[in-house]
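To start, the structure under review is shown below, and the notes come after it.
No value in this document is a laboratory result; all are computed from the given coordinates. A quick note: this is a predicted structure, and the numbers were derived from the prediction, not measured. Here the Cβ is made from the backbone with ideal geometry for all residues, glycine too, and neighbour counts use every protein chain on show.
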Amino acid sequence: MRVEEVTADAESFTCNAYLALGERDVLVDAGAMAGVADVIGEHTETLDAVVLTHQHGDHVEALSEVVEAFDPDVYAYAEHEHRTHALGDGDSVAIGDEAFEAVYTPGHADDHLAFVSDATLFSGDVVVHDDGAFSYGSFGRTDMPGQSRETLIESVERLLARMPAGVEHMYSGHGGTYHGDVRDVVETALERAEKREPKYPE
């Protein structure tokens, strides 16, 4: 499975949107970059589906543009005008060449899902490899209204319990991609979250 970060050249704030190319060409999150459909079109003529980790604006602002250009199926946990398939905890979804399990991971967002296969994790914002706060294991912010550090900690624990031992590719909503011992990165993020310290101290 080949994965392209189609928002890599964005000049405005967006999440990382990933195009997984294979038996089934699937976009994981649409991002918030104008012109993202053109970038997708450089890699494939057809887009089978968009799978959303959650519906914060930086993950879905460009969804209408993508739907208009490719008319894909849209999978999401929560209702959305473009959603064609509801996803819940434990559901299966094909992304690229791999079968993924949806893991319900709220805390950063009430509708958050992570997607894990035998080899790959699309983690959205629940955990990331690196960001402005930490390198090699960070976690989604929980200081905004409606967010919960305690719920996020439970979500990361759930994700670890469902993650196969051999996962070696991590594509998160922000920061860089990572190839290696993904479990160790996620465990490091959990340890940091459990300290209950502010992620971004004033």
**OP:** Return the whole-Å distance between the Cα centroid of the stretch 65-139 and the Cα centroid of the stretch 4-28.
**Re:** 12 Å
Original post:
To the nearest 500 deg cm²/dmol, what mean residue ellipticity at 222 nm is calculated for the chain from DSSP H runs of n ≥ 4 alone, each contributing -39,500 (n - 2.57), summed and divided by the residues?
Top reply: -6500 deg cm²/dmol
Subject >> Debye, to nearest 20: dipole size of the chain, +1 on Lys, Arg Cβ, -1 on Asp, Glu Cβ >> reply: 660 debye
Original post:
Looking only at Pro72, Pro164, Pro145, which one moves most when the chain is put into a Gaussian network model with springs between Cα atoms under 10 Å?
Top reply: Pro145
**OP:** Output the relative contact order of the stretch 2-194, whole-number percent, from Cα pairs under 8 angstrom with separation of 6+ residues.
**Re:** 16 percent
Original post:
Taking a ≥ b ≥ c as the square roots of the eigenvalues of the Cα gyration tensor of the stretch 118-157, is the shape rounded (a/c under 1.5), prolate (a/b larger than b/c) or oblate?
Top reply: oblate
**OP:** Using +1 at the Cβ of each Lys and Arg and -1 at the Cβ of each Asp and Glu in the chain, identify which of Thr44, Leu63, Val126 lies farthest towards the dipole's positive end.
**Re:** Val126
**OP:** Please give the per residue volume of the convex hull enclosing the alpha carbon atoms of the stretch 2-194, rounded to a whole number of Å³.
**Re:** 103 Å³
Original post:
Given springs between every Cα pair under 10 Å in a Gaussian network model of the chain, which of Glu79, Glu61, Glu101 has the largest fluctuation?
Top reply: Glu79
Subject >> Kyte-Doolittle mean at least -0.5, axial Cα span of 24 Å or more - DSSP H helices of the chain >> reply: none
